[in-house]
Amino acid sequence: MGIIRKWLEKGIVAKRVKEIALKALVDIYSPATWSEALKTEAFEAKFLEDLKNMREGALIFSPYLNEEAVNNFIIDVKTHKIDPKKISIVTRPLEESDEKAARAIRALVRENFNVYSRPKMHYKLAIIDDIIYIGSLNILQCYKRYLTKSEEERWCLDYMIRIKSSGLVEEILGRIAPPSPNEKIELQEE
């Protein structure tokens, strides 16, 4: 760490890169930083806890949606009085979704979540303030579906890694680009 810090302090890199790198170093070596590998059920409990403690907002990338999982998510958000306007969800466009996924998208929009579409998107991650979850779990395809499935039917057996690091959050957002207003899904009056 010492040589990197000296190199950064000498101004060899651009100012913004320097700020992000130093912040990441502080995050990585800070006692408040942690990471965990979580199976689906443990992920959902920790994820919900982080949503309840959310200060600024959440950004969820879930390429595939399931109507049952989305309904479970909406119920949790309402039950715990989490403001859906502080949660942005990026998924595939309606044209790339089956009818059940399209109904799930419409339900999220009706409940005041910010829903964005990104063609061929395949990221599986969530950011809540300075916490990032990244892994193989399609969050809104699997959310609490194990509650209604037998052991053999539970196919959402993926992992998410939870990392608290504002530096990593900034780096990931810089690489994948947060959703833009032209990607927002608006429902037509029915």
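Read-outs: derived from the displayed coordinates by stated rules, not from any lab. Nothing here was measured: the structure is a model prediction, and the numbers come from that model.
By the Kirkwood approach, averaging reciprocal distances over each pair of separate Cα atoms, region 34-183 gets a hydrodynamic radius of 15.4 Å. Considering only beta bridges that DSSP places wholly inside region 34-183, some 70 percent are antiparallel. Multiplying each eigenvalue of the alpha-carbon gyration tensor of region 30-82 by 5 and taking the square root yields semi-axes of 21, 15, 11 Å, largest first, rounded to whole angstroms.
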